[in-house]
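In what follows, a structure is listed as structure tokens, so that the remarks can point back to it.
The values are calculated or read from the model by the stated rules, or taken from the named source; none is laboratory data. Just so it is clear, the model here is predicted, and its values are computed rather than measured. Here the Cβ positions follow ideal geometry from the backbone for every residue, glycine too, while neighbour counts run over all protein chains shown. Accessible surface is based on the protein model in full, side chains and every heavy atom, while ligands, DNA and RNA are left aside. Shrake-Rupley method; radii C 1.70, N 1.55, O 1.52, S 1.80 Å.
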Amino acid sequence: MIKVRFKKAIAAAVLALIPVVGTAQNLEIGIEAYRTGEYDLALLEFRPLAENGDAEAQFHLGLMYDDGKGVSLDDTEAVRWYRKAAEQGDVYAQFNLGNMYYNGEGVAKDDAEAVHWYRMAAEQGYAKAQSNLALMYDNGEGVAEDDVEAVRWFRMAAEQGDAYAQNGLGVMYDAGEGVSQDYVEAVRWFQMAAEQGYANAQNNLGLMYQYGAGVAEDDVEAVRWYRMAGEQGYANSQFYLGQMYHNGEGVAQDDISAHMWLSISADTGNTDARAYLDDVARRMTPEAIAEAERRARVCLQSEYTDCD
């Protein structure tokens with residue numbers, strides 16, 4: 001199985017409700033304004049509080065600079081305000097500051113600093129930080145590679161319902177890294193993440209059904225999960241779906257559908273799909289290829305709502 005790759009997690013954090021008294025009232029006004037897209041008002045409320053040392057206002061001001069909402073996008077300013085909040089223990093600021101160091105945004109890329117801030121947030125129980133910290137251990141980025149530690153942090157986040165971590169834990173069980181190889185456990189965690197709509201896990205679950213690993217071999221189920229991921233734009237699943245149509249596995253054999261999905265996969269970035277597509281096309285009529293190309297255009301233009 002292909003291991004999950006690191007993706008920058010969503011910067012936006014959960015906004016806690018705050019008692020409406022004193023400066024807290026101003027903060028709540030700012031949060032509500034931010035939620036509703038009234039960024040000028042949000043900035044007006046957040047800035048004086050942030051400059052006066054309010055950690056939550058500092059986090060939100062950093063978020064505004066990070067996203068370029070209400071202010072010009074400025075990663076350096078985002079880092080400055082995230083740091084002020086993070087040093088006061090704000091978990092979301094710690095997490096986002098870790099992201100900034102990991103991606104080299106507003107600061108020089110520094111995996112060790114990313115690990116430091118992810119750990120600070122992870123130790124406060126923040127699932128996304130636990131998941132990112134697990135990946136740092138898994139990949140040996142900013143810390144010595146340690147699959148056992150990776151599993152430990154993935155499990156903490158997965159048990160909180162984090163789909164990214166559930167998929168990551170499934171990958172560890174599938175590969176037997178940090179735990180004894182256990183395909184049944186891998187399927188269990190892939191299923192949890194897949195049912196939350198996480199495309200990588202849907203793809204992995206499709207593979208488990210296709211090859212009968214940890215579950216009875218079932219090409220129909222494999223196709224079903226590949227399609228779910230493929231219709232989210234996941235290139236590997238689009239490639240596998242094209243193969244299933246070409247071979248008549250789990251679906252009726254259909255080279256037009258095969259060509260359509262392989263073409264979309266190739267355009268989405270799967271390099272293997274191009275060679276497979278050329279092989280399929282050699283056995284198709286020009287009319288059939290034109291129909292497949294038309295359907296691929298319709299599928300993409302409809303944002304995957306019309307791919308039949």
Scanning the range 184-206 for residues that are within 14 Å of Ala235 (Cα to Cα) and among the hydrophobic types (A, V, I, L, M, F, W, C), which turns out farthest from the chain's Cα centre (by Cα)?
Ala201
Checking the conditions here, which among Asn204, Asn167, Asn139, Asn132 is polar (S, T, N, Q) and surrounded by fewer than 18 Cβ atoms within 10 Å (Cβ to Cβ)?
Asn139
If the requirement is being open to solvent by 20 Å² or more (accessible area, probe 1.4 Å), touching a helix residue (DSSP H, G or I) at 6+ places or on another chain (Cβ under 9 Å), more than 23 Å from Gly168 (Cβ to Cβ) and in contact (Cβ under 8 Å) with a residue 12 or more places away in the chain, which of these qualifies: Val223, Val251?
Val251
Quick one: would you say Ala273 is out of contact with any strand residue (DSSP E or B) (no Cβ under 9 Å at 6 or more places or on another chain) and open to solvent by less than 20 Å² (accessible area, probe 1.4 Å)?
yes
Of everything in the range 111-120, what is out of contact with any Asp or Glu (no Cβ under 9 Å at 6 or more places or on another chain) and surrounded by 22 or more Cβ atoms within 10 Å (Cβ to Cβ)? Give them in sequence order.
Trp117, Tyr118, Met120
Matching option when the condition is in contact (Cβ under 8 Å) with a residue 60 or more places away in the chain and hydroxyl-bearing (Ser, Thr, Tyr), among Tyr164, Tyr198:
Tyr164
Does any residue of the range 279-294 turn out to be farther than 17 Å from Asp174 by Cβ and within 21 Å of the chain's Cα centre (by Cα)?
no
Selected residue [open to solvent by 10 Å² or more (accessible area, probe 1.4 Å), within 29 Å of Ala186 (Cα to Cα) and in contact with a helix residue (DSSP H, G or I) (Cβ under 7 Å, 6 or more places away or on another chain)] from Asp146, Asp74
Asp146
Do you know which residues across the range 171-181 are closer than 20 Å to Ala129 by Cβ and either open to solvent by 30 Å² or more (accessible area, probe 1.4 Å) or free of Cβ contacts under 8 Å to residues at least 60 places away in the same chain (or both)?
Met172, Gly178
Taking the range 226-248 only, how many residues are free of Cβ contacts under 8 Å to residues at least 60 places away in the same chain and closer than 21 Å to Asp278 by Cα?
14
Looking only at the range 26-52, filter to residues that are acidic (Asp, Glu) and part of a helix (DSSP H, G or I); which one of those is surrounded by the most Cβ atoms within 10 Å (Cβ to Cβ)?
Glu45
What single numbered condition from (1) under 24 Å from Gly140 (Cα atoms); (2) touching a Phe, Trp or Tyr at 6+ places or on another chain (Cβ under 8 Å); (3) surrounded by fewer than 19 Cβ atoms within 10 Å (Cβ to Cβ) fails to hold for Ala108?
(2)
Scanning the range 207-220 for residues that are farther than 15 Å from Asp174 by Cβ and not charged (D, E, K, R), the one surrounded by the fewest Cβ atoms within 10 Å (Cβ to Cβ) turns out to be Ala216
Taking the range 235-248, which residues are surrounded by fewer than 23 Cβ atoms within 10 Å (Cβ to Cβ) and within 18 Å of the chain's Cα centre (by Cα)?
Ala235
